[in-house]
Amino acid sequence: MSTTMGGFVRTMAAVAVGAVLVTGCGGGSEGGAKGPAAFGREAAQADLDAAGEAAGLPAGAKPKSPEPEDPSGGPATEEERKRKDVADRMAACSAVRSADDLKPAEAERQFRGVLAALAERGWKEHKPVERVTLDEDGFVLMAQYKKRGWTLFARHTDADILRMTTLTATEDACAARFTDAELELLEG
């Protein structure tokens, strides 16, 4: 489990950090393809939003970068600047929806409802929901779905002080362009 869990968590962390700076950058192709329209970032975001709404998951604000900034308003160190550059590039091919401050009685039901709504929108389960106990006070639910060249990581954390659901979808072709060193930089 540790190898599977470690790879899943590593990929999830890289995608989540990349999604931190999602600000509307255009990634993926949203048209111009012959036949059915290509499935791009806007379509993936629409799926995440629609599934969240269908399950009653509150819309959350986009996460902000936790990076310390120097007086000029940018990252303070060279490593932080490199991390920000990689995160910006990752954000261009990612879609994210997250919600926190969820009600304990509803949070897990809403998470599973989001997964059902994603399945209705054509996302196929790639890795079923895995429940990992954190300690006596909490657990994490993780699942992975795929659709038309995109991989979606769904995560619900339910702990003593934190109850949060995050959906992050990343275009596979775009994610493949990142080196292991860049992904490790995101893990920081």
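The values are calculated or read from the model by the stated rules, or taken from the named source; none is laboratory data. Note that the coordinates shown come from a computational prediction; the quantities given were computed from them, not determined experimentally. Cβ: placed from backbone, ideal geometry, glycine included. Neighbour counts: every protein chain shown. When the accessible area is computed, the model is the full protein with side chains, heavy atoms only, and any ligands, DNA or RNA have been set aside. Shrake-Rupley method; radii C 1.70, N 1.55, O 1.52, S 1.80 Å.
When you scan region 87-109, do you find a residue that is closer than 29 Å to A43 by Cβ, exposed (fewer than 13 other Cβ atoms within 10 Å of the Cβ) and touching a residue at least 60 places away in the same chain (Cβ under 8 Å), even just one? For region 87-109, residues closer than 29 Å to A43 by Cβ, exposed (fewer than 13 other Cβ atoms within 10 Å of the Cβ) and touching a residue at least 60 places away in the same chain (Cβ under 8 Å): present.
Is it fair to say L134 is open to solvent by 80 Å² or more (accessible area, probe 1.4 Å), out of contact with any Lys or Arg (no Cβ under 7 Å at 6 or more places or on another chain), more than 27 Å from A181 (Cα to Cα) and hydrophobic (A, V, I, L, M, F, W, C)? Here the answer is yes, as L134 does meet what is asked. Is there a residue being modelled with pLDDT of 70 or more, farther than 24 Å from A181 by Cβ and over 16 Å from the mean Cα position of the chain (by Cα) anywhere in region 42-54? Yes, that holds for at least one residue.
For the structure I just gave you, tell me whether A159 is out of contact with any helix residue (DSSP H, G or I) (no Cβ under 9 Å at 6 or more places or on another chain), free of Cβ contacts under 8 Å to residues at least 12 places away in the same chain, on the phi < 0 side of the Ramachandran plot and among the hydrophobic types (A, V, I, L, M, F, W, C). So A159 fails the test. Consider region 149-178 and keep the residues that are aliphatic (A, V, I, L, M) and either touching a Gly at 6+ places or on another chain (Cβ under 8 Å) or open to solvent by less than 30 Å² (accessible area, probe 1.4 Å) (or both). The one that is nearest to D101 (Cα to Cα) is L162.
Looking at K146, K124, can you tell me which residue is under 24 Å from E184 (Cα atoms) and open to solvent by 20 Å² or more (accessible area, probe 1.4 Å)? Steps first, please.
Working: K124 fails: under 24 Å from E184 (Cα atoms).
Result: K146 is the single residue among K146, K124 that is under 24 Å from E184 (Cα atoms) and open to solvent by 20 Å² or more (accessible area, probe 1.4 Å).
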